[in-house]
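Please read the structure below before turning to the comments.
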Amino acid sequence: YTGRVEVGGPADVAELGGLTLSKLAVGPLDNNVYLLRAAQARDSGVRSLLIDAAAEPDRILELIGDDGVDAVLTTHRHGDHWLALDDVIAATGATTMAGSNDADAIDVVTDRRLAHGDTLTVGDVELEVIELRGHTPGSIALAFTDAAGTAHIISGDSLFPGGVGRTTPDTFPQLFADVTTRIFDRFGDDTWVHPGHGWDTTLGV
């Protein structure tokens, strides 16, 4: 797995020990869609989670396949991250999730509003919700550790290779502070970062 995908190309797939991460690039803005799928689910959790139904619903549904998807999480309110959400939900009946402070700005109703520190379970893997304010008021990231002990952060548009996401002079200090204290101060250099656009990186890089 490299995390280097291109629009129109195949998904890149990482086998993480009981959890599979698939990454697909879609749409004119090179948005990344992530699918987490576990071999089985706990009673209180889900077996599969799609992150950012951004565009090209037919390709996203092909990625999901016949097994369907239990939930779709939107990392933040910007339309390029949920343009295919309505179609995907209509086809799968999945539960929708988004950050509490962005949910009202998403045109598809959010079934579960997420706050900083909340947790989700996919199979036996617990995902932590980390609010990273600044790119939007309610942007969220997901952090989890795979079976080999490597940490992963699905960061939306809050952290990219080389810097934080787009901000204004008023919102940059907040995003920089959140990324510093909630990501860099907590996670090691070998932590994978899976961003909302473009290729993956690590915190060390």
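Using a 1.4 angstrom probe and counting only protein chains, how large is the accessible area of PHE176 in Å², to 10?
Ignoring ligands and nucleic acids, PHE176 comes out at about 110 Å².
Using a Gaussian network model of the chain with C-alpha springs under 10 Å, which one of ASP104, ASP86, ASP170 is most mobile by mean-square fluctuation?
ASP170
Convert 10 °C to kelvin, take the viscosity as 1.306 mPa s, use the Kirkwood radius over C-alpha pairs of the range 96-205 as Rh, and evaluate the Stokes-Einstein diffusion coefficient in µm²/s, rounded to a whole number.
Values: Rh = 14.3 Å.
Estimated via Stokes-Einstein, D reaches 111 µm²/s.
Taking the range 142-196, how much of its Cα-Cα pair set, in percent, is spaced more than 12 angstrom apart?
Working: 977 of 1485 pairs.
Considering the range 142-196, 66 percent of its Cα-Cα pairs are separated by more than 12 Å.
Give me the percent of accessible area attributable to carbon and sulfur for the chain, probe 1.4 angstrom.
On the chain, the fraction of accessible area on carbon and sulfur atoms equals 48 percent.
If we count every other residue with Cβ under 11 angstrom of PRO28's Cβ, Lys/Arg +1 and Asp/Glu -1, where does the sum land? Don't jump to the answer; show the numbers that get you there.
Numbers: positive: none; negative: ASP30, GLU56, ASP80.
The answer is -3.
Given 5 Å bins starting at zero, what is the percent of C-alpha pairs of the range 54-116 in each, up to the one with the largest pair distance?
4, 20, 32, 24, 14, 6, 1
Hey, could you get me the Stokes-Einstein D for the range 1-151, Kirkwood radius over alpha-carbon pairs, 25 °C and 0.890 mPa s, rounded to whole µm² s⁻¹?
Working: Rh = 15.3 Å.
Stokes-Einstein gives a translational diffusion coefficient of 160 µm²/s.
The values are calculated or read from the model by the stated rules, or taken from the named source; none is laboratory data. Computed from a predicted model, the values in this text were never measured in an experiment. For neighbour counting, all protein chains shown are included, and Cβ atoms are generated from backbone atoms with ideal geometry for every residue, glycine included. Side chains included, ligands, DNA and RNA excluded: accessible areas come from the protein's heavy atoms. Shrake-Rupley method; radii C 1.70, N 1.55, O 1.52, S 1.80 Å.
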